[in-house]
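Here the structure is laid out as structure tokens; the discussion comes afterwards.
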Amino acid sequence: MKLVLIVGDGAVGKMTVGQELMKITDLRLFHNHMTIEPVLEIFNDFNIDVILKLRYLIFEEFVNADVPGMIYTCMWAYDCHEDWEIMTKILGIFESAGAELYCVELTAPLDVRLKRNVTENRLKNKASKRNIASSNERVIQHTKNHRFVSRDGEVPISNFMRIDNSNIEPDVVAKMIKDKFDL
């Protein structure tokens, strides 16, 4: 079992790269909005407790399933204690099942990410992003308020790579990941 964690700031391309990586590996994609969108729809609110319960349930069931592994995409604010607690729990679920852990950190400047914030694929898969002004404001505020690029050695996963994917197509990034980690 493998867990490929794809992290980065908002609209950096995590889901799109994950979709491309899923096409060229046997890994299944679980992007964070697969739990965010239904919770928003049902509760009309970003209920983080429900979102996390759903995610943990999926992770706990997944590690017992007969599958090669998962690609999980999410934002990881390295300066946020709560994000560290969440990531520690997720990694622990997979580590306790003997999974091989990999982490890919995607980076791109704000202007690139704001352009990506309105792409057809993003809007199709993330209903909460369809109010462009509000979505752009969240991307800007996240960038101002938190640090989404790790410091050297900060990520506690030895199989780690950082990619500035500003000018690299998602399928090429996916191939880079597959080749680097021999997925």
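Computed quantities for the displayed model
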quantity	calculated
5 angstrom amide H check on residue 70, placed H, neighbours 5+ away	2, 3, 4, 28
Region 75-183, relative contact order [Cα under 8 Å, separation at least 6], %	38 percent
Vicinal HN-Hα couplings computed from phi for region 137-151 (Karplus, 6.51 cos²θ - 1.76 cosθ + 1.60; Hz; Gly/Pro x)	4, 5, 4, 5, 5, 4, 5, 6, 8, 9, 10, 10, 10, 6, 7
Region 4-47 versus region 64-117: alpha-carbon centroid distance in Å	10 Å
Percentage relative contact order, the chain, counting C-alpha pairs under 8 Å, at least six apart	36 percent
Identified option (computed Cα extents along the principal axes in Å; candidates (i) 71, 36, 32; (ii) 81, 40, 30; (iii) 43, 38, 30)	(iii)
Ranked by how many other beta carbons lie within 10 Å on average, peptides 169-178, 132-141, 3-12 from highest	3-12, 169-178, 132-141
Max mean-square fluctuation residue, GNM over the chain, Cα-Cα springs under 10 Å, options 28, 151, 55	151
Distant-in-sequence amide H partners of residue 162 (H built 1.01 Å from N, under 5 Å)	105
Accessible-area ranking of 31, 142, 81, largest first, probe 1.4 Å	81, 142, 31
Separation of the residue 23 and residue 67 label points, Cα + 7 Å toward Cβ, nm	2.0 nm
Segments 69-76, 19-26 sorted - mean Cβ within 10 Å per residue, highest first	69-76, 19-26
Long-range amide H partners of residue 76 with built H, under 5 Å	8
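The values are calculated or read from the model by the stated rules, or taken from the named source; none is laboratory data. Because the structure is a prediction, the values reported are computed rather than measured. FYI the Cβ positions are ideal-geometry reconstructions off the backbone, even for glycines, and counts take in every protein chain you see. Note: areas computed on protein heavy atoms with side chains; ligands, DNA, RNA excluded. Shrake-Rupley method; radii C 1.70, N 1.55, O 1.52, S 1.80 Å.
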